[in-house]
Amino acid sequence: MKKLGFLLFLLFLGSCSVIEQNHETPFFSPDFEKKALEEEFQLIDADRLESFSELRNQIGQLACEGKVSGLKFTYLHKRYYVTAVAACPQPTSTACHFQRIQIYVKNDSVIEPHSVDEGKPLAQLAAVLSEYISKPYFLQTKENIMEPALIHLYVEEENDMEVTKKALATIAEDFAQLNSGKAKDFFAHSILLARHDPTNFPPPPPPAKN
């Protein structure tokens, strides 16, 4: 009954968004639709927040409480419902992410970690994802689907919330477009709100000489 009630609530939110915005149908990511059914699901209204760090801290605190986060926000007159994760600031254990595909987004650019270059514009994210799809060694063994991707998202404090919402919306839309018409969960992804600038990490040490 609780799950049915929450689904009806989501449908009500979506219909209200269409009426209020009178522009576009709201976007629900597949991951949001799954997690919204979980008992520990918590919805965060990102439009009420002022910065990336505030959003990251809220999600991280919910992670400390064992809760699952969903986000709603409006970007360019369109309502989005997506998910993201963040590390608990007082973890009782170390979180590890072992996805083979690691993609780094800083502000509105796709970057290489440890690089001082500005990277590629976020508008080229779809092209970056297509490069991974073109490489067969990123396909799961005996499965016609991709290894899941982990998107490390970091937004500097001087940027307003629109930069964060732009990144979240772009990531969600690009993955949805790539997955359209393909096998279920063809290219799954998670968005990790990072606490550290990936360009400021020290580079890995050189290999030891024999």
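Laboratory data are not the source of any read-out in this text; all were calculated from the coordinates shown. Being a predicted model, the structure only gives us computed values, none of them experimental. Using ideal geometry, Cβ is built from the backbone for each residue, glycine included, and neighbour counts are taken over all protein chains shown.
Net length available on complete extension from LEU76 to GLU24 is 17.8 nm, with 0.36 nm assigned per residue and the Cα-Cα distance removed. Two numbers describe the Cα atoms of the range 96-150: Rg and Dmax, which are 12.5, 38 Å. Charge tally around LEU129: other residues with Cβ under 15 Å, Lys/Arg +1 each, Asp/Glu -1 each, net -1. Descending by average beta-carbon neighbour count within 10 Å, the peptides 163-174, 137-148 line up as 163-174, 137-148, the highest first.
The mean sequence distance of close C-alpha pairs (under 8 Å, at least 6 residues apart), as a share of the length of the range 38-167, puts its relative contact order at 27 percent. Aspartates and glutamates near LYS182 by alpha-carbon distance under 17 Å, same-chain residues fewer than 8 away left out - which ones? Result set, ordered by chain and number: ASP31, GLU131, GLU143, GLU147, GLU173, ASP174. Across the range 159-176, computed HN-Hα scalar couplings (Karplus, 6.51 cos²θ - 1.76 cosθ + 1.60, θ = phi - 60°) run 8, 7, 5, 4, 5, 5, 5, 4, 5, 4, 5, 5, 4, 4, 5, 5, 5, 4 Hz from first to last residue, x flagging Gly and Pro. Taking each of LYS135/LYS166; LYS67/LYS120; LYS67/LYS135; LYS72/LYS142; LYS106/LYS142; LYS35/LYS135 in turn, the alpha-carbon distance tops 32 angstrom for LYS67/LYS120; LYS67/LYS135; LYS72/LYS142; LYS106/LYS142.
With the alpha-carbon atoms of the range 22-83 aligned to their principal axes, the span from lowest to highest coordinate is 37, 27, 12 Å, starting with the largest.
Between amide H atoms placed 1.01 Å from N, distances below 5 Å from ILE101 occur with LEU150, all of them 5 or more places distant or on a separate chain.
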